[in-house]
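Report on the structure given below.
The values are calculated or read from the model by the stated rules, or taken from the named source; none is laboratory data. Predicted, not measured: the structure shown is a model, and the values here were computed from it. No Cβ is skipped: glycine too gets one built from the backbone with ideal geometry, and neighbour counts run over all protein chains shown.
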Ligand code: KG4
Ligand code: ZN
């Protein structure tokens, strides 16, 4: 099959095959992981708990709209999914009939985007006569920490993505308890909306991070929410930032261009401060020193360095996934699929997608 690469959309990662065969089947298990919940089409191939390839096709089409346009996202997934698969298999040096199971994101996410990935996974399952494995996207973000790492249980994971901000307690690979989550907007969405206010591109997180490098994070003081327990809120902060910008624009039409870097640094500082404060409460409440992060915002250098500081400040053991496993990726779906394959948790072809799929909250 010829691999098209229009506009150089593919990000590719090179891997060493160090996979360890430590499963009850006494054979290598090869899983295809298909991720299509939002605006990235990603397919990965795993061999046992190692990732052999992880291809991500970006969707640049949303940039000019300041956010993801669902219908455009579905169409891009349709265009990209076959070339993404071809590249993933090629880089993994795996033939399609060597795959043992096909894992796909069932939800949460955009209905149309999920349907493209799920239908594709089902077609492959029928054509290859291989089991289908449904994956919860938020659970997969947490399990991204099992790629290259061996987490100690139990651990607390703070997942911060474009749609979710969640604190979970991971008791074992299949027992993930929700401790707290956002009551309104997510931290990623706050980055994205603030970037839009400042005239920056989507996704806003990396754009704000770039501008913030040379900005003064103490220049603007924004509101931090008062939310009890381990839940989060970001809508008040978003409104506060918008008001500060609008009020200043009334007296200085160049306010944004003059203070863009300081605004970005102060916004980034406030969002990370809110996340860190809640994480510290979770560490104290549960007296657990094994900490992990995940989700797109976990790609932020400032956030990563604050998390790293917990090692010395709080005597924690900290897990931080590589950046390519923080933002949406097929590798986390493949690794989640590998664990489900081991316990033979397969999915019927009649299974529907779930745009509002809640994280499993089993408590043992
Ligand atoms: O997990 P993810 O890739 O997709 C979802 O499941 O939503 O997260 C996307 C979110 C977006 O809001 C994006 O702005 C944010 O992650 N993000 C970042 C960075 N890279 C991505 N936020 C802050 N700093 C970054 N470097
Ligand atoms: Zn995600």
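No other residue among 263, 279, 275 is closer than 21 Å to residue 210 by Cβ, in a helix (DSSP H, G or I) and touching a strand residue (DSSP E or B) at 6+ places or on another chain (Cβ under 9 Å) apart from 275. Listed by position, the helices (runs of 4 or more DSSP H) inside the stretch 288-364 whose residues that are out of contact with any helix residue (DSSP H, G or I) (no Cβ under 8 Å at 6 or more places or on another chain) and without any contact (Cβ under 8 Å) to a residue 40 or more places away in the chain number at least 3 are 301-313.
Applying the criterion of being more than 15 Å from ligand 2 (Cβ to nearest atom) and in a loop (DSSP other than H, G, I, E, B) to the residues of the stretch 161-184, the residue that is surrounded by the fewest Cβ atoms within 10 Å (Cβ to Cβ) is 183.
Any chance the stretch 213-234 includes a residue that's assigned by TED's automatic domain parsing to the domain that holds residue 269 and within 16 Å of ligand 2 (Cβ to nearest atom)? Looking for residues that are assigned by TED's automatic domain parsing to the domain that holds residue 269 and within 16 Å of ligand 2 (Cβ to nearest atom), one finds none in the stretch 213-234, hence no.
Let's see how each residue does on (1) in a helix (DSSP H, G or I); (2) surrounded by fewer than 19 Cβ atoms within 10 Å (Cβ to Cβ):
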| residue | (1), (2) |
| --- | --- |
| 81 | yes, no |
| 84 | yes, no |
| 102 | no, no |
| 105 | no, no |
| 113 | yes, no |
| 117 | yes, no |
| 123 | yes, yes |
| 126 | yes, yes |
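For the stretch 90-100, filtered to residues that are surrounded by fewer than 18 Cβ atoms within 10 Å (Cβ to Cβ) and not in a helix (DSSP H, G or I), the residue that is farthest from ligand 1 (Cβ to nearest atom) is 95. For the stretch 129-160, taking the residues that are over 21 Å from residue 286 (Cα atoms), modelled with pLDDT of 95 or more and part of a loop (DSSP other than H, G, I, E, B), the one that is nearest to ligand 2 (Cβ to nearest atom) is identified as 147. Does any residue of the stretch 223-246 turn out to be within 30 Å of residue 50 (Cα to Cα), buried (at least 23 other Cβ atoms within 10 Å of the Cβ) and either in contact (Cβ under 8 Å) with a residue 24 or more places away in the chain or within 21 Å of the chain's Cα centre (by Cα) (or both)? Within the stretch 223-246, none of the residues are within 30 Å of residue 50 (Cα to Cα), buried (at least 23 other Cβ atoms within 10 Å of the Cβ) and either in contact (Cβ under 8 Å) with a residue 24 or more places away in the chain or within 21 Å of the chain's Cα centre (by Cα) (or both). When residue 202 is tested against the conditions (1) under 24 Å from residue 166 (Cβ atoms); (2) crowded, with 17+ Cβ neighbours inside 10 Å; (3) more than 16 Å from ligand 2 (Cβ to nearest atom), the lone failure is (3).
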